[in-house]
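Here is the structure we will look at, set down as structure tokens.
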Amino acid sequence: MVATQEAVSSVGVWEDGSLKDAITDANTSPTPPFSHTPTPFDVEAIRADFPILRQLARDKPLVYLDNAATSQKPQVVLDRLQQYYTAENANIHRGVHYLSELATREYEAARIKIQHFINARDAREIIFVRGTTEAINLVVGSYGRKNIGPGDEIIISAMEHHSDIVPWQLLCEEKGAILRVIPINDAGELLLDEYEKLLNERTKFVAVVHISNALGTINPVRRIIELAHGRGVPVLLDGAQATPHMKIDVQELDCDFYAFSGHKLFGPTGIGVLYGKQELLEAMPPYQGGGDMISSVTFEKTTYNALPYKFEAGTPHVAGVIGLGAAVDYVEKINLDVAGAYEAELLNYATEAVAAIPGLRLVGTAREKASILSFVIEGAHPSDVGMLLDTQGIAIRAGHHCAQPLMDRFCIPATARASFAFYNTRAEVDAFIAGLHRARKMLG
Ligand SMILES: *Cc1c(COP(=O)(O)O)cnc(C)c1O
């Protein structure tokens, strides 16, 4: 009764001809839409889709600004999970019965939704994993262990999340390979000249974050990929922070691997995606052994299942996959181009407002930024700032944001971080700013 009807009603848009009219309008209109008008974005209508946002925290209206850690879930996702466990639950791919066929169909339908969401060429290029962390570990453990040897070099960046550092370090230890790091400037932007110097005939892999979770920097990934491909080196992008904020087209980016997490994309926890180019995935050995990833097993020899099942050993998170499908439907309906423009306005508004707070220093002032305000306040520990905001119902994060080497680069142990989603409002930013003024007075 839930997500399938969503899909049907959005197809109705096509049937009544309105989409065709919209395309005709866009083609004949002299200016692109939204270029001279404020973003037509009904944030209150969107907030109504998220029941948790109506909740109080510490007896105050909840102001949730910790979206880079995890985002909240719209009612359609909650309903879809309920529907799955209420009326569709079965193990997939093996069953000959009604429910198993139903669950399998919904699971595979979600794979196709995600294929379209990131514009992958083929649904077999979509591998379901637990999240970004597991996606990167899969690439390191399979592609990396097969193709990287002693003296080979892997390039990452100074702003990677620990999940794009530690797996590579483990591989380097095992193989005698070397990790190289693209440095950044004081604004938190990658130094592309330095990156070009790092690329050489020993370089076997490049892995960089698309949008930094600690700084908000949007990295010039097209250029990074072009330069690597010029030397025949494959590139993985960590898209955990990019997928909730911008449209991703893996074919246009021409990345070889793209990793992201469902829970940051308004979907369930415990589910994520690894995209990989088919020819690379075909050539990679399995990452884990078990059920569903084989086509036949004897004690002498096992042959592996085809893509994508070769990389999906064991019973997968069926509910999570189906819930993520519903989240992707929701996000596509919102339209990330429109939501992204709204978020950019909100970030500008907040950036200007924090500039007026004495002793506050932004960490991460890149020209290309998305949805994240990381900062320190003179004389106040970030955790104390976070705790004082929490007493007012305002949720931010304080810490190293799983990017300790990046904190070292800025010679600080931690930052306080507010991170926005398309359901946040200017009024919430105002509450956050008022809270900061109060915190500064109490701590300073
Ligand atoms: C959250 C995050 C990760 C890790 O994602 P998990 O869902 O914890 O696996 C990796 N990289 C970035 C940039 C992140 O923000």
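The values are calculated or read from the model by the stated rules, or taken from the named source; none is laboratory data. None of the values given here were measured: they were computed from a predicted structure. A quick note on method: Cβ atoms are made from the backbone with ideal geometry, for glycine too, and the neighbour counts reach across all protein chains shown. These area figures cover heavy atoms from the full protein model, side chains too; ligands, DNA and RNA do not enter into them. Shrake-Rupley method; radii C 1.70, N 1.55, O 1.52, S 1.80 Å.
The residues of the stretch 401-427 that are within 18 Å of the chain's Cα centre (by Cα) and open to solvent by 30 Å² or more (accessible area, probe 1.4 Å) amount to a single one, Cys402.
Scoring Val233 on the criteria (1) under 19 Å from Ile156 (Cβ atoms); (2) among the aliphatic types (A, V, I, L, M); (3) in a helix (DSSP H, G or I) leaves a single failure, condition (3). Kindly establish whether Gly151 is part of a loop (DSSP other than H, G, I, E, B) and loosely packed, with under 15 Cβ neighbours inside 10 Å. Judged against the criteria, Gly151 is a match.
If you filter the stretch 119-128 down to residues that are touching a Leu at 6+ places or on another chain (Cβ under 9 Å) and open to solvent by less than 10 Å² (accessible area, probe 1.4 Å), you find that the one that is nearest to the ligand (Cβ to nearest atom) is Ile127. Cβ separations smaller than 7 Å between residues 6+ apart or across chains give the following pairs from the stretch 161-174 residues that are part of a helix (DSSP H, G or I) and at pLDDT 95 or above to residues that are within 15 Å of the ligand (Cβ to nearest atom) and among the hydroxyl-bearing types (Ser, Thr, Tyr): Ser163/Thr132; Ser163/Thr133. Looking at the stretch 134-144, can you tell me whether even one residue there is touching a Leu at 6+ places or on another chain (Cβ under 6 Å), among the aromatic types (Phe, Trp, Tyr) and modelled with pLDDT of 95 or more? Checked the stretch 134-144: no residue is touching a Leu at 6+ places or on another chain (Cβ under 6 Å), among the aromatic types (Phe, Trp, Tyr) and modelled with pLDDT of 95 or more. Set side by side, the residues Ile165, Ile224, Ile182 differ, and just one is among the β-branched types (Val, Ile, Thr) and either open to solvent by 10 Å² or more (accessible area, probe 1.4 Å) or more than 16 Å from the ligand (Cβ to nearest atom) (or both), which is Ile165. When we screen Asp292, Asp249 for residues that are more than 16 Å from the ligand (Cβ to nearest atom) and in contact with a His (Cβ under 7 Å, 6 or more places away or on another chain), the only hit is Asp292. Answer yes or no: is there a residue in the stretch 19-27 that is surrounded by 11 or more Cβ atoms within 10 Å (Cβ to Cβ) and either among the aliphatic types (A, V, I, L, M) or modelled with pLDDT of 95 or more (or both). Within the stretch 19-27, one or more residues are surrounded by 11 or more Cβ atoms within 10 Å (Cβ to Cβ) and either among the aliphatic types (A, V, I, L, M) or modelled with pLDDT of 95 or more (or both). Would you mind telling me which numbered condition in (1) open to solvent by less than 10 Å² (accessible area, probe 1.4 Å); (2) under 22 Å from Leu265 (Cα atoms) Ala439 fails? Only one criterion in (1) open to solvent by less than 10 Å² (accessible area, probe 1.4 Å); (2) under 22 Å from Leu265 (Cα atoms) is unmet by Ala439, namely (2).
Among residues of the stretch 51-81 being farther than 26 Å from Met387 by Cβ and open to solvent by less than 30 Å² (accessible area, probe 1.4 Å), the one that is nearest to the ligand (Cβ to nearest atom) is Val77. Taking the numbered list (1) at pLDDT 95 or above; (2) more than 23 Å from the chain's Cα centre (by Cα) in turn, Gln288 passes all entries but (1).
Residues checked against (1) crowded, with 18+ Cβ neighbours inside 10 Å; (2) of a type outside the set (Ser, Thr, Tyr); (3) touching a Leu at 6+ places or on another chain (Cβ under 7 Å):
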| position | (1), (2), (3) |
| --- | --- |
| Leu192 | no, yes, no |
| Lys197 | no, yes, no |
| Arg202 | no, yes, no |
| His210 | yes, yes, yes |
| Gly230 | no, yes, no |
| Leu236 | yes, yes, no |
| Gly239 | yes, yes, no |
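Being within 23 Å of Thr415 (Cβ to Cβ), away from the ligand (no atom under 16 Å from the Cβ) and of a type in the set (Asp, Glu) is the requirement here; does Asp193 meet it? Before the answer, list the steps.
Details: within 23 Å of Thr415 (Cβ to Cβ): no; away from the ligand (no atom under 16 Å from the Cβ): yes; of a type in the set (Asp, Glu): yes.
When the stated conditions are applied, Asp193 does not pass them.
Taking Ala90, is it outside the structural domain of Leu253 (by TED's automatic domain parsing) and either modelled with pLDDT under 95 or within 23 Å of Arg417 (Cα to Cα) (or both)? For Ala90, the condition - outside the structural domain of Leu253 (by TED's automatic domain parsing) and either modelled with pLDDT under 95 or within 23 Å of Arg417 (Cα to Cα) (or both) - is not met. Within the stretch 401-430, the set of residues being assigned to a loop (DSSP other than H, G, I, E, B), among the hydrophobic types (A, V, I, L, M, F, W, C) and closer than 16 Å to Gln72 by Cα comprises Phe420, Ala421, Phe422.
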